[in-house]
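Notes follow the structure.
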Amino acid sequence: MASFLKHFRQVSGLTVLSRLAGLARDAALAHVLGAGPVMDAYAMAFRMPNLLRQLLGEGALTAAFVPVFTDYLEKGGPKAASRLMSLLAVALVTALAAITLIVDGVLLALRYFTETGTKWHLIFGLAAVLFPFAIFVCLVALLQAALNCCRHFVMPALAPILLNLFIIGGAVAAGLWVTGDRATQAYVIAGAILVAGLVEIAVQLPAMRRVGLEFRPLWNPRDAGLRRVVGLLGPVILAVGVIQINVFMDSLIANLLSPNVSADAQAPLATGESPWRPGRSLPAVAGPAADLSAEAQRAKADAPAAPGAPGFALGPWRVPYPMKTGAASVLYYGPLIYQFPLGVFGIGLATVIFPVLTRHAVRKDLAGMARTASHALRLTLFTGLPAGLGIILVCKPLILLVFHHGQFADMPDAVERTARVASLYALGLWSYSANHILVRAFYAMENIRTPRRIAMLAAGLNFVCNLILVWPMAEGGLALATALSAVFQTAVLARLLSRRSAGPATAGKLRPGRHGDSPVTSGAGLDWRGVGASAARTLLATAVMGAAVWAVLHWAVPLLGWTGRPLYAVQCFGGVAVGAAVFIAVARFLGMTELKDLLTRAAPDPDAAPPLDPGAPAG
């Protein structure tokens, strides 16, 4: 039942390297771009291709592709699976290339009609450069999904490390050779991202050959397998897209409801002044006029609540901005802290469990699916709850250690704002991880409608909470709204999955499938008693861990009398070490099997299919 844990530890280990590279990447971005309008523009522009990547590459396309690809792999072997992968890859690149041409045309037109040097002028320019990255990263995600189905996880997990290294290289090059013009530095980093996308594709190809997959340029829009994936794709886009679009909207709201800084005026645009200026000539891609300086970031008009602060017109009223300049930057840096444990544990576990759930679904083994999903949820709670509390306790010294230098340090309140956002996001860490498991369980059964409906409800709740919480809590309200909607989504999805995996009415009967009928094995639904007992013990261990870490940070460390980075390093690493040691000790005392599952080697899976290529590594 726990055979996926071997691959989970493998993927998690590589994800740790990726997240460490990610911290170095973001430290480089913080040093070069800071937390002001240029970083606001970069964060917003990068979210545009990222949205397409999350909708297609790592969301809808993967969810629609994996069940069909697994079906072809189980029943037709590597040759049939390779043909399906090739058809989908060619169709994907063709469609994305057409979308990119249209989107880049619109972005360049919008840039043409915006005032030179404003934040939105830079957003449109950077987005036009970065959007082609969506083609590369979505193709990489397709190849990674195929490799994961063949139980090869190493190269897919290494791809994000390459992207992080290229961004670091671009930031270093920009900082060394392009001085005094942060807008141009942002364009240099964007160019490095495009090169990284091509390299990510190249490194997947040798691994594909080793597992018996072969890419050929094929084109047949009427192919049954391709049409089956596309048929699933539309509903999945609605299911996954609602949440991802909501994340994109958070960044958009942060830019719309914060001052639009003008480099020419070195201050936000005056009340009633529009950033649009029709009939102007196309400006240079970047230059001194586009550099949004630190003086503009620290402009007195930056404070949204102060009398006379800049705002926007709402009928006859002038409404102050609820957020200050740098809100989009803070919403970029804040989630990075919780994404470290989310990637290592939550997404890592979901990545390796998806093929297992899909095999159970193809074989109509509802009991096996319920056992696997319950086990995964216990592991998710076991890792997500203490990680979330740990982030809340150590996020401020971590931000001071990693980000507080260079241009980031020029924003006096950047640390406090980023720490507040990170803490509020961390409240829902366990839920973000659980949602990855639950949604994949539905996708494995080719049930797209249920997660789509729940996602739409969660997105609606998120949007309402955004509108309510952004005014008293600024960008912190957007973070809290995300956590609340995620918890709601987890509760509803878990309840519905338990019902669907029980299947009392269909047990022992033949269930029609696309490739013939097969018997349905009855399940008892999710193991609520086991999950609840595990959650209770995990909460107890987490509470003891939190008390120990708080004592270390507020009583023990100050006795050293250190200041600056040595103090921040001791607080971070000491807090993490003490927290991990205490949590593991309490978990052992409580006899929690989840700890043993994560630390010991998994037994061979009796249900696993034999390797496709006996001479190839399993990943």
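Restricting attention to region 154-175, the residues that are open to solvent by 30 Å² or more (accessible area, probe 1.4 Å), within 21 Å of the chain's Cα centre (by Cα) and aliphatic (A, V, I, L, M) add up to 6. For first residues located in region 556-574 and part of a helix (DSSP H, G or I), partners that are surrounded by fewer than 17 Cβ atoms within 10 Å (Cβ to Cβ) and of a type in the set (D, E) and lie 6+ apart or on another chain with Cβ distances below 8 Å do not occur.
Within region 591-602, none of the residues are modelled with pLDDT of 95 or more and β-branched (V, I, T). Among the residues of region 396-419, those that are of a type outside the set (G, A, S) and open to solvent by 30 Å² or more (accessible area, probe 1.4 Å) comprise K396, L398, L401, H404, H405, Q407, D410, P412, D413, E416.
If the condition is being open to solvent by less than 30 Å² (accessible area, probe 1.4 Å) and more than 14 Å from the chain's Cα centre (by Cα), then region 435-445 contributes I437, L438, V439, A441, F442, Y443, A444.
Here R151 meets each of (1) out of contact with any His (no Cβ under 8 Å at 6 or more places or on another chain); (2) farther than 23 Å from R182 by Cβ; (3) buried (at least 20 other Cβ atoms within 10 Å of the Cβ) with one exception, condition (1).
Restricting to region 533-550, give me the number of residues that are under 10 Å from V582 (Cβ atoms) and over 29 Å from the mean Cα position of the chain (by Cα). The number of residues fulfilling the criteria is 3. Residues in region 541-555 that are without any contact (Cβ under 8 Å) to a residue 40 or more places away in the chain and aliphatic (A, V, I, L, M): A543, A547, A548, A551, V552. Being open to solvent by 20 Å² or more (accessible area, probe 1.4 Å) and either under 23 Å from the mean Cα position of the chain (by Cα) or modelled with pLDDT of 95 or more (or both), is that true of even one residue in region 204-226? No.
Taking the criterion of being modelled with pLDDT of 90 or more and aromatic (F, W, Y), the residues of region 121-159 that qualify are F124, F131, F133, F136. Checking each residue in region 307-334 for being in a helix (DSSP H, G or I) and open to solvent by less than 10 Å² (accessible area, probe 1.4 Å) picks out A327, A328, S329, V330, L331, Y333, G334. The single condition among (1) open to solvent by 30 Å² or more (accessible area, probe 1.4 Å); (2) modelled with pLDDT of 85 or more that I189 does not satisfy is (1).
From A556, A524, grab the single residue that is over 31 Å from the mean Cα position of the chain (by Cα), at pLDDT below 95, open to solvent by 30 Å² or more (accessible area, probe 1.4 Å) and closer than 23 Å to T380 by Cα. Step by step, each of A556, A524 is checked, and only A524 is over 31 Å from the mean Cα position of the chain (by Cα), at pLDDT below 95, open to solvent by 30 Å² or more (accessible area, probe 1.4 Å) and closer than 23 Å to T380 by Cα.
If you scan region 315-366, which residues turn out to be without any contact (Cβ under 8 Å) to a residue 60 or more places away in the chain and closer than 25 Å to V247 by Cα? Hits for region 315-366 are V319, P320.
Applying the condition of being assigned to a helix (DSSP H, G or I) and open to solvent by less than 10 Å² (accessible area, probe 1.4 Å) to region 420-431 and asking which residue is nearest to M323 (Cα to Cα) yields V421. Filtering A361, A387 for residues that are small (G, A, S), open to solvent by 10 Å² or more (accessible area, probe 1.4 Å), farther than 24 Å from L540 by Cα and touching a helix residue (DSSP H, G or I) at 6+ places or on another chain (Cβ under 6 Å) leaves a single hit, A361. Among the residues in region 78-93, are any aliphatic (A, V, I, L, M), closer than 24 Å to P160 by Cβ and open to solvent by 30 Å² or more (accessible area, probe 1.4 Å)? Among the residues of region 78-93, at least one is aliphatic (A, V, I, L, M), closer than 24 Å to P160 by Cβ and open to solvent by 30 Å² or more (accessible area, probe 1.4 Å), which makes the answer yes.
The values are calculated or read from the model by the stated rules, or taken from the named source; none is laboratory data. Note that this is a predicted model, so its numbers are computed, not measured. Positions of Cβ are generated from backbone atoms using ideal geometry, with glycine treated the same way; all protein chains shown enter the neighbour counts. These accessible areas exclude ligands, DNA and RNA; they are computed on the full protein's heavy atoms, side chains included. Shrake-Rupley method; radii C 1.70, N 1.55, O 1.52, S 1.80 Å.
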